[in-house]
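Worksheet: the structure to be examined is printed underneath.
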Amino acid sequence: MMNALSGAPAATIADPTIALADFAARLRFADIPPAVIAHAKEAVLDTLGVAFAGAGLGEGIEEIVRFAATQGGTPEATIWSTGQRVAAGAAALANATIARALDYDDILESPQVHVSVCVVPAAFAIAERQPAPVDGKTFLTALVVGSELQCRLAAAIRGQGADAFPVLQPTQIFGYFSAAAACGHLLALTPEAMQSAFGLALMQAAGTQEMVVHSPRSVGKSLYAAFSNQGGLASAAMAQCGVLAQGAVFGGKAGLFQAYYGGRYDPDSLTAGLGSSFLSTQRCIKAIPGTLVSHAFVEAAQQIMARDRLAPSDIAEIRAHVGSWGQTMCEPLEMRRRPPSASAAMNNIPFMVAKAVANGTVALTDFDADGRRQDEALRMAARFQYLPEPSLANPGGLEPGVLDIVTHDGRVHNARVDQPRGHPSRPLTFDEVAEKFRANARHAPAPLVAGDSDAIIDRVRHLEEIADVAALVALIAPQRAPLQPREPR
């Protein structure tokens, strides 16, 4: 059998498990370039901010938090939204759900794989679980390890099935390994034990798009990364206890890529430049909520409305020119025009463009029940049409947002946006991420006061100087018992 991307016989391709395990176990803070550390800090702050907003506005949060609180076990880690102490795996599950609830967390351009939400909740849970303090440098290193693995697994399948929306859910599948890597690093696993953590992650890895994209009545969009965090954390903890599960995890006959992708992957993406070139800086930190596929179309609508000084009452028709991914986010059209749930509203081009035309922007509250009923936005959505254009499909990145707005006087107003704000070519600064954090924190069930927000932002900005990252959790979670001093290792 030939490897579909490399052209080499599959049997001759060295399995990358050992190299990736060695990287995950041995990377040190001093080995990481400052730009990578800076991006990791932005990702931490962004993840915490979207979790605040998700706790206040997300669907299914109360039910998942209630579930996590019933799981028993030693109270090891904190549920961010309530301050409850639960077993570490349950905390990771709940906090990842909260952070994913609004589809406002960071993501890769292509393939569409979320990164930090599969790493940060599990890493915080393990850090709280440890008997000795975890300092900021160690914590940041673990986040880089997990994020880098997530990005490299994603890069290995870039371009696969680009002509159609995928069936598998790669964020969830890969997230088991990235969470295991981050947690394994914090648990100081040896490279050999890290191999077992990856093997145990493979035994759990799963996920499809059915409950995430195609079901209008599901909180799957909020939940899928939660399973990754819980399973990855458990994999690392089991490996720490000596559970053996070594094998050709990624390139074997029944390894990850053979089992899930028919052996079609680029092995070089997994190890080329490992430890010197960091793909995790390619994360997009979103400037607006909702699926990244829609953001270029939203910006195009904003440009047209502002540039040509249009009012919603001027609009006769809105036409989006879409590739395969854009088409998926427009179908079925009537459901996308009037989404029945927050998840359906987020995975959506017609509704989000309509919101931009009606209001000038897209806000978190646009996805809740009242936001979905806004008359002006629904009128604009009813005027939305889409034109499939295969030439706009982009196997290696985002499809452009190509939009026409037709006014009642017959004029056609056009705009095209190739990369939206937050794309690596147009990144947010730390201060812009901090402003996004402040805005998100105002939606928390127990909103932070300005001083608390500033304190969290300052702690993350100087995360490498923190002696115990559990102190950061103490700032985040309401009604939490005071942090008990722990003896340094």
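The values are calculated or read from the model by the stated rules, or taken from the named source; none is laboratory data. Just so you know, these numbers come straight off a predicted model, no measurement behind them. All Cβ positions, glycine included, derive from the backbone under ideal geometry; neighbour counts span all protein chains shown. Just so you know, the surface numbers come from the protein's heavy atoms only, side chains and all, with ligands and any DNA or RNA stripped out. Shrake-Rupley method; radii C 1.70, N 1.55, O 1.52, S 1.80 Å.
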Q: Hand me the tally of lysine pairs in the chain: alpha carbons under 28 angstrom apart, and the pair either on different chains or 8 or more positions apart.
A: 12
**Q.** Kyte-Doolittle mean at least -1.0 and Cα axial length at least 15 Å: DSSP H helices in the chain
**A.** 34-57, 88-100, 136-156, 170-186, 191-202, 220-240, 292-307, 430-441, 450-461
Q: State, as an integer percentage, the relative contact order of the chain based on alpha-carbon contacts under 8 Å between residues 6 or more apart.
A: 22
Q) Once the dipole of the chain is set up with Lys and Arg at +1 and Asp and Glu at -1 on Cβ about the Cα centre, which of 313, 326, 224 lies farthest towards its positive end? A) 224
Q: Please get the size of the charge dipole for the stretch 183-271, origin at its Cα centre, with Cβ charges of +1 on Lys and Arg and -1 on Asp and Glu, quoted in debye to the nearest 20.
A: 260
Q. Using 0.36 nm per residue, how much length does the chain from residue 70 to residue 277 gain when fully extended, once their Cα-Cα distance is taken away?
A. 70.2 nm
Q. Of the beta bridges DSSP finds with both residues in the stretch 307-466, what % are antiparallel, to the nearest 5?
A. 70
Q: Starting with the highest mean, order 114-121, 274-281 by the number of other Cβ atoms within 10 Å, averaged over the residues of each peptide.
A: 114-121, 274-281
Q.
When the expected Rg is taken as 2.2 N^0.38 Å, what fraction or multiple of it is the alpha-carbon Rg of the stretch 50-138?
A. 1.10
Q) How far is the Cα center of the stretch 88-129 from the Cα center of the stretch 198-266, in Å? A) 14
**Q.** Accessible-area ranking of 288, 315, largest first, probe 1.4 Å
**A.** 288, 315
Q) Which peptide among 141-153, 359-371 comes first, and what is the full order, when sorted by highest mean count of other Cβ atoms within 10 Å? A) 141-153, 359-371
Q) Taking N as the number of residues in the stretch 369-489, what is its Cα Rg relative to 2.2 N^0.38 Å? A) 1.66
Q. What is the Cα convex hull volume of the stretch 136-280 when expressed per residue in Å³?
A. 111
Q: Determine the dipole magnitude for the chain: charges of +1 sit on the beta-carbon of Lys and Arg, -1 on that of Asp and Glu, nothing else is charged, the reference point is the Cα centre, and the result goes in debye to the nearest 20.
A: 340
**Q.** Difference of contour (0.36 nm per residue) and Cα-Cα distance, residue 411 to residue 190
**A.** 73.0 nm
Q: Could you please put 85, 283, 442, 416 in sequence from largest to smallest accessible area, using a 1.4 Å probe?
A: 442, 416, 85, 283
**Q.** Residue-averaged [θ]222 nm for the chain, counting only DSSP H segments that reach four residues, each worth -39500 (n - 2.57)
**A.** -14500 deg cm²/dmol
Q) Gain in length, residue 317 to residue 333, computed as 0.36 nm per residue apart minus the alpha-carbon separation, to one decimal in nm? A) 4.3 nm
Q | Share of carbon and sulfur in the accessible heavy-atom surface of the chain [1.4 Å probe, %] | A | 53
**Q.** Where the stretch 273-412 is the region considered: accessible area per residue in Å², 1.4 Å probe
**A.** 36
Q.
Let me check I've understood the local charge: for residue 237, count other residues with C-beta under 11 angstrom from its C-beta, Lys and Arg +1, Asp and Glu -1. What total comes out?
A. 0
Q) Where Lys and Arg each count +1 and Asp and Glu each count -1, what net charge lies around residue 401 among other residues with Cβ under 15 Å from its Cβ? A) +1
Q: Please state the charge dipole magnitude for the stretch 376-489, taken about the Cα centre, from unit charges on C-beta atoms (+1 on K and R, -1 on D and E), reported in debye and rounded to the nearest 20.
A: 240
